[in-house]
1. Looking at region 48-58, which of its residues are in a helix (DSSP H, G or I) and either in contact with a Pro (Cβ under 8 Å, 6 or more places away or on another chain) or surrounded by 16 or more Cβ atoms within 10 Å (Cβ to Cβ) (or both)?
2. Quick one: which of E132, E73, E125, E61 is among the acidic types (D, E), assigned to a loop (DSSP other than H, G, I, E, B) and either in contact (Cβ under 8 Å) with a residue 24 or more places away in the chain or open to solvent by 70 Å² or more (accessible area, probe 1.4 Å) (or both)?
3. On the given criteria, is A51 at pLDDT 95 or above and touching a Gly at 6+ places or on another chain (Cβ under 7 Å)?
4. Within the bounds of region 82-98, is there any residue that is surrounded by 12 or more Cβ atoms within 10 Å (Cβ to Cβ) and in contact with a Phe, Trp or Tyr (Cβ under 9 Å, 6 or more places away or on another chain)?
5. Does V140 qualify as being under 28 Å from V33 (Cβ atoms) and in contact with a helix residue (DSSP H, G or I) (Cβ under 7 Å, 6 or more places away or on another chain)?
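The values are calculated or read from the model by the stated rules, or taken from the named source; none is laboratory data. Keep in mind that what you see is a predicted model, and the values were worked out from it rather than measured. Quick reminder, even Gly has a Cβ in these numbers, built from the backbone with ideal geometry, and neighbours come from all protein chains shown. Quick note on the areas: whole protein, heavy atoms, side chains included, nothing else; ligands and nucleic acids left out. Shrake-Rupley method; radii C 1.70, N 1.55, O 1.52, S 1.80 Å.
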Amino acid sequence: MSERPQQRKDPVDAIIGQWATVRPDLDTAAMEVFGRINRLSHAIGERVGQAYAKFGISRGEFDVLATLRRSGEPFTLSPRQLSATLMLTTGGMTGRLDKLERAGLLRRSPDPHDRRGLQVTLTDEGLALVDEAVGAGLAVQTEALSGLGAERAGQLAGLLRDLLAGADRA
C-alpha cells in the first residue's frame, strides 16, 4: 500500500492547531472542512469577480444576466422571478436592473399578461456579453480545479452535493 505524500499546511491547519492548544476537548473536523470551503469560496469568488470586471459587470450583475440567459428564449423573466432565484430583495434587484438597463444589457417592458407587472429581457448586447463572461468565469474555476484531475474533481463535486443536501434538510 503506497502512502500519500505529506500534504502542505494551510491557514486552516494553523487555526485548528491553535484550537487544539487552547481547547483540546473540541472535535474540529467540521471546522477543517467548512473553514476551507469558506476560504476557497472567497478566493475563487474574488478571481471570478475580476474576470467579470473585464466585461464591466460585477458578480451580482453577472448573476442577473446569467439567470436571464439560463431561462432560455426569449430570455425574459419578471423582476419577482429574478429576485426569488437570486434571493435578493426587490430593492436590491431594482438597483442591479437600473444599472444593467442603462448599460443596454437588458430592457424592462410592461408584462402583456399583467397590467401591473414588468418583464426583464436580455438584449442582444447582454446576451453576447454574458456568453463571453460565463466562459471567462468558468475558465477561472476550471483552472482552480485542474490540480485535482477529473476523477478527484468529480468525487469532490459528489461529496459537496451530498453535504449540501444534508445542510438543506437541516
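1. Within region 48-58, the subset in a helix (DSSP H, G or I) is 48-53.
If the condition is that a residue be in a helix (DSSP H, G or I) and either in contact with a Pro (Cβ under 8 Å, 6 or more places away or on another chain) or surrounded by 16 or more Cβ atoms within 10 Å (Cβ to Cβ) (or both), then V48, G49, A51, Y52 are the ones that fit.
2. Numbers: E132 fails: assigned to a loop (DSSP other than H, G, I, E, B); E125 fails: assigned to a loop (DSSP other than H, G, I, E, B); E61 fails: assigned to a loop (DSSP other than H, G, I, E, B).
When all the criteria are applied, what remains is E73.
3. On the way: at pLDDT 95 or above: yes; touching a Gly at 6+ places or on another chain (Cβ under 7 Å): yes.
Spelling it out, A51 is indeed at pLDDT 95 or above and touching a Gly at 6+ places or on another chain (Cβ under 7 Å).
4. The answer is no, given that none of the residues of region 82-98 is surrounded by 12 or more Cβ atoms within 10 Å (Cβ to Cβ) and in contact with a Phe, Trp or Tyr (Cβ under 9 Å, 6 or more places away or on another chain).
5. Working: under 28 Å from V33 (Cβ atoms): yes; in contact with a helix residue (DSSP H, G or I) (Cβ under 7 Å, 6 or more places away or on another chain): yes.
Spelling it out, V140 is indeed under 28 Å from V33 (Cβ atoms) and in contact with a helix residue (DSSP H, G or I) (Cβ under 7 Å, 6 or more places away or on another chain).
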